[in-house]
Amino acid sequence: VMLQGSIAGPQKGVSLRLPLGTLHEIPALGYGTYRLPRDKAAGAVSFAIECGFRHIDCAKAYDNQAEVGEGIAAAMKKHHIRREDLFVTGKLWPTDAHPDRVEPAIRETLAQLHLDHLDLFLIHWPVAWKSTGMWETDEDKYPQA
């Protein structure tokens with residue numbers, strides 16, 4: 001990523017914010033948690049925030065949201081970071097795309113992250129899959145038609 005203008009070091013680069021056309025802004029760079037092992041997620045997310053990242057990207061499908069939430073909470077406490085200074089993105093998995101499952105899925109994400117709101121909640125993939133109501137096997141996560 002090439003950034004234009006004066007950048008005062010790497011921390012400035014990861015905390016650069018872009019306007020959304022509203023009164024809100026989104027950090028230009030986010031810390032992604034895909035394939036981040038559960039046993040390393042809390043420490044890695046906390047360290048990313050310590051390094052200046054303010055956008056944390058997570059998803060139910062990554063199977064590490066609770067640990068990501070632990071890392072967010074630890075960094076906020078240790079470094080006195082306010083929730084409003086962070087931008088947290090979650091994603092709706094296709095098994096939760098039925099209208100009856102959307103709100104419970106958002107509430108589940110919030111509970112796992114120990115947050116009271118998300119800044120952005122995306123549709124992970126633009127399809128809807130049958131939900132088994134479970135999240136234990138590959139068949140639960142990737143049901144066959």
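The figures follow:
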item	result
List Trp93, Trp129, ordered by accessible area with a 1.4 Å probe, largest first	Trp129, Trp93
Positive-end residue, region 21-129 charge dipole about Cα centroid, Cβ charges, pick of Leu86, His114, Ser46	Ser46
Mean Cα-pair separation over length for the chain, i.e. relative contact order, pairs under 8 Å, 6 or more apart, %	19 percent
Estimated [θ] at 222 nm from DSSP helical runs (n ≥ 4, -39500 (n - 2.57)) normalised by residues in the chain, nearest 500	-11000 deg cm²/dmol
Förster-model FRET efficiency, 25 Å R0, Arg35 and Ala66, C-beta, rounded to 0.05	0.95
Antiparallel %, DSSP beta bridges [both residues in the chain], to 5	25 percent
Mean Cα-pair separation over length for region 52-122, i.e. relative contact order, pairs under 8 Å, 6 or more apart, %	42 percent
Vicinal HN-Hα couplings computed from phi for region 96-113 (Karplus, 6.51 cos²θ - 1.76 cosθ + 1.60; Hz; Gly/Pro x)	10, 7, 5, x, 6, 9, 5, 4, x, 5, 5, 4, 5, 4, 4, 5, 5, 7
Förster-model FRET efficiency, 41 Å R0, Cys51 and Glu139, C-beta, rounded to 0.05	0.60
Solvent-accessible area per residue for the chain (1.4 angstrom probe, square angstrom)	62 Å²
With every protein chain in place, region 21-129: carbon and sulfur % of accessible area (1.4 Å)	57 percent
Karplus 3J(HN,Hα) series, Hz, for region 120-136 with 6.51 cos²θ - 1.76 cosθ + 1.60 (x for Gly, Pro)	8, 10, 9, 7, 4, 10, x, 9, 10, 10, 5, 9, 8, x, 10, 8, 10
Value of Rg to Rh for region 7-93 (Rh from inverse mean 1/r over Cα pairs, i.e. Kirkwood)	0.97
Burial ranking of peptide ranges 55-61, 103-109, 33-39, 43-49 (average Cβ count within 10 Å, highest at the top)	55-61, 43-49, 103-109, 33-39
Principal semi-axes in Å for the chain [√(5λ), Cα gyration tensor, largest first]	29, 17, 14
Cα-based Lys proximity count in the chain, under 18 Å, for pairs eight or more positions apart or on separate chains	8
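The values are calculated or read from the model by the stated rules, or taken from the named source; none is laboratory data. Everything numeric here is computed off the predicted structure, so don't read it as measured data. Note that we place each Cβ from the backbone using ideal geometry, even for glycine, and neighbour counts take in every protein chain shown. Just the protein is used for accessible areas: all its heavy atoms, side chains included, with ligands, DNA and RNA removed. Shrake-Rupley method; radii C 1.70, N 1.55, O 1.52, S 1.80 Å.
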